[in-house]
Every structure is written in C-alpha cells, then in structure tokens.
Amino acid sequence: MTVTHPARIGLRVIALGYLSLLLVLPVGLVFEKTFAQGLSAVWASLTTPAAISAFWLTVEIAAIAVVANTVFGVVCALALVRGRARGRWLLDVLIEVPFVISPVIVGLSLILVYGTTGWFGKWLIGHGITVIFSPPGMILATVFVSLPFVVREVAPVLREIGTEQEQAAATLGASRLQTFARVTLPSIRWGLAYGVVLTTARALGEFGAVLIVSGNISGKTQTLPLLVETRFYNFDNAGAYTAGALLAAISICVLLVMTATAPDKRRL
Amino acid sequence: MGASWSAATSPVALSALKLTLLSAALVTVINAIMGTLIAWVLVRDSFPGQRIVDAVVDLPFALPTIVAGLTLVALYGPDSPVGINLAYTRTAVFVALLFVTLPFVVRSVQPVLHALDTEMEEAAVSLGAGSAATFRRIVLPNLVPSILSGTALAFARAVGEYGSVVLLASNIPFKSQVMSVFIFGEVENGSPHAAAAASVLLLAISLAVLLSIRGLARVGGLARVGGHE
C-alpha cells in the first residue's frame, strides 16, 4: 500500500463524515420524528383508509412492473447478447433512455400519447378505456422508469458466461427451453436477482412520473410516495414522516437484500 | 407551436434552466471528487463496519426520491434541529442533488479500482514517487474513464431530478425553481405543449453534455472502460 497512515485515516474520516452528514443523519432523523409521536399515533397514521389504500396500490403497481420488466429484461438481454439481429445497438441505446429522461418528462410524454387530447386519446375514449389519471397510466409510468435495471444486470453476466455450456446442452439434445431453464437461468440468477431488487426499489418509490399521470386522488390513484407529498402539503408533517418512514423501512429491507445478492458484484 | 416555444424560452423558464444546469454541473464535479475518494476508502482501506458503509452508499438508489426530500426537510427545513434552514433556497436544490447522485461515481469507480493491480503503484513508490504523485500519475489515469461514466450518469440524474428537490426547494420562480419543477407546473396549468417544448430544450442540452462527456472519455484514449454500478 502506498499511502501513509495519517493520510489513510484522514481520507477515511472525510468519506465517513460525508456519508454520515449527507445520508445517515437525515434518514435517521425521519425515524426519530416518526417515533417521537408515540407508537399508537404512528399506528393510527398508518392505518387510515387513505394510507391502507395507498399501500396496496403501491404494492400492486410495483408487482406488475417487476413481473413485466423481469420477463422483458431477460428476453431483451438475450436478444442483445445472444441475438444476431441488425440494429441491436439501437436497442442498447434505447434501454438507457429511462435513466436519462426526467421522470416528469416521462409522465408528460404518457399524457401526450394516452391523454384525452393525446395521439390515442380519441380511440381510447371511444373504447371506454382511461389510462391517464387511473391505475393503467400509473403502471405504464412505473414500468417505463424501472425498465433498464434487469437488462443492465443480466446482459453483462450473459456476456461473461459465454455460450459453451449452452452449446454443450444443445448438442446433448436439450431443447431451447430446456437449455434456458437448466443452463442459462441458473448462471444468471444472481445478476437477475440484483436486477429484480433494483427494479422493485424503483417501482415502489417512483414519484414524479406517477404523480403526473395519477391525478393523485386519495383512496383511488394515490400511492405511498404521493401520500407523503399530500400529507406534507396539508401541513400534516407527522403523517408525512410516518408514511415516509414506512417507505424508508421498506427500502432499507430492499437494501439488505441488495447487499446479500450482490456480494461479489463490486469486486468484479 | 410558436406559443409553446416562447413559453419554453421565457425568462422564468431560462432562469430555471440555468439553475438546473449550474447545480447539476457543480454537483457532478463534487461527485467526481467525493465519489472517487469514497470508492478508494471502500477498496483500499479496511476498518470495522466497512461492509455496512458499502451498503449505505446504495441508500439513495433504494430510497424513494420523495422520502429523500422529506429527510432533507427534517434536517434542513424550518424546524431544523441543527439550526440550518434551507427551505426555498438554491442551496436546497444543491443538497438534494448531492444526496440522490452520490452512488453513481462510487459504484462505477469501485470495481475498476478493485481490479487495478497495486504492482504499478508499488513500483512507482520504490522509484521514489510520493503518494500524491503515485495517485496522480498511476492510479488516476486508470480511473478516469470510470469516473467520467459515473459523472455522466450523475449529471443526467441531477438534470431531471424532481421528487427530492421539490419538497425543500419548492417552486419559487427566478429563485429555487428547477426545470423539472417548471415543466411539472406547465402540465398542471394545462399547457402540456409548453411543457413539451421545455422538455425538448432540456433533453437536447443534457444529451449534448452527455455526448461530450462520452467524447472526453474517448479522447482520454484509455482502453479501460469501467462497468456501471
């Protein structure tokens, strides 16, 4: 090692101090503000009809988005890495789009396409389908913003494992489906798990894109992140902290799973 | 169309655009430095609880943006326990963006630093180079591509950020209003086309910045490309 002892301690102190001031202290404070109200107040605030409805809507939307993006992500990663089709680079670039576009712009673009005055607006009204200001639009927004995670985690693993084992399976008479289920899937399972966890975290917490397309109607189109915002603007700070602490607790659980599924990822 | 375009280039919108780009740029620079430093401490240092610190770095990825905003209100809002009130200020925008973009550079530099052989550094030291010279001449050139790819992601995220910014910085035109908040306001006011024009402007600018960062990485001429995250 090339760094002297005092310099090493200095760098460690700077890194830990920065992380504490910026991340740990503020997040800790939300829990402190929540539980300072007393447990019964916290429970009451989490079990209002609006909160219960928001919780289940959040879970339902996230579940649909995770399933959709997992299936899409694996198929897309296979097409990118194993496929021979021309124009794969375009797919590769398009996959990154949700990372580069503001969630607000994602929501806006959905309104421009599916809203009442949007491209498909007339057709949708004619068929009695509402997308914007109802759960289908919120699902679309969530799927959009959480789309890249599975692809980006699975594709490098597929590239790394190569095709030798898959070819061996094929020469031994395995069908494509059998090869995928018995050979490919077990090899990508950790990358896939990490991608699914990241997708879940993003889907549970998406705010900007969902807010724009939801209309934020309590009990109908209000998810937990939207409930946090609504309570905050209604001067119900205690309620906002409680709902925020619930979301933070969920994301800390997600974080623990993330750490467990990606132990060797950072070590390349 | 002309009306939408003039709304997107009105003084309010341009002021929001300027604030967005300047704070994103500043945050990106700080991330390049602090992210590399944190990655170095996580890879080359060892101390008890290091794995916990490593996990904490992912917190901004796991935490919903609105909760990130709420945590900042708790610490730097009107009821701040440390006596710092950043509500409705530009500093609030800056702090919120620092919070949400923290992991990008760390996660892109970390694997590269881990894969980097210490032999070259040891050789440099044995030839009499100080630790500063070793870092600047040996370690840093190897890390530059991964630092740049991390900063590109951080910049893109900072430019579009909404949830974490809006609670503490709020929506004060000419002061603390960033572009995503301006666009949101236009949608709420029933002018989605003005919002779309502003979005196109924002996307074009951030795309140009991203491409130049990518170009910079290529001009660096270094074959090593760091993996994201």
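Considering only A:Val106, A:Leu21, A:Ile9, whose Cα is most displaced toward the positive end of the charge dipole of chain A, charges sitting on Cβ of Lys, Arg (+1) and Asp, Glu (-1)?
Towards the positive end, the residue furthest out is A:Ile9.
Which of B:Leu42, B:Leu102, B:Ala217 sits farthest toward the positive end of the charge dipole of region B:2-219, with +1 on the Cβ of Lys and Arg and -1 on the Cβ of Asp and Glu?
B:Ala217
How would you order A:219-229, A:22-32 from highest to lowest mean count of nearby Cβ atoms within 10 Å?
Descending mean neighbour count gives A:219-229, A:22-32.
Which angle between 0 and 90 degrees, to the nearest 10, do you get for helix B:90-115 versus the longest principal axis of chain B when only C-alpha atoms count?
30 degrees
Averaged over peptide A:89-101, how many Cβ atoms belonging to another chain are found within 10 Å of each residue's Cβ?
2
Per residue of A:5-18, how many C-beta atoms from partner chains lie within 10 Å of its own C-beta, taken as a mean?
4
Once you average over the residues of B:156-165, how many Cβ atoms of partner chains fall within 10 Å of each Cβ?
5
What is the distance in Å between the Cα centres of region A:157-176 and region B:70-140?
41 Å
Arrange B:Val106, A:Val67 by Cβ neighbour counts within 10 Å, fewest through most, would you?
Result, fewest neighbours first: A:Val67, B:Val106.
So for A:Ser53, B:Ser176, fewest C-beta neighbours within 10 Å to most, what's the order?
Ordered by Cβ neighbours within 10 Å, fewest first: A:Ser53, B:Ser176.
Could you put A:Ile101, B:Ile213, A:Ile52 in order, starting from the residue whose Cβ has the fewest other Cβ atoms within 10 Å?
A:Ile52, B:Ile213, A:Ile101
For the protein assembly as shown, what does -39500 (n - 2.57) per DSSP helix run (n ≥ 4), summed and divided by total residues, give at 222 nm, in deg cm²/dmol to the nearest 500?
-23500 deg cm²/dmol
No value in this document is a laboratory result; all are computed from the given coordinates. No experiment lies behind these values; they were computed from the predicted model shown. Note: ideal-geometry Cβ built from the backbone for every residue, glycine included; neighbour counts use all protein chains shown.
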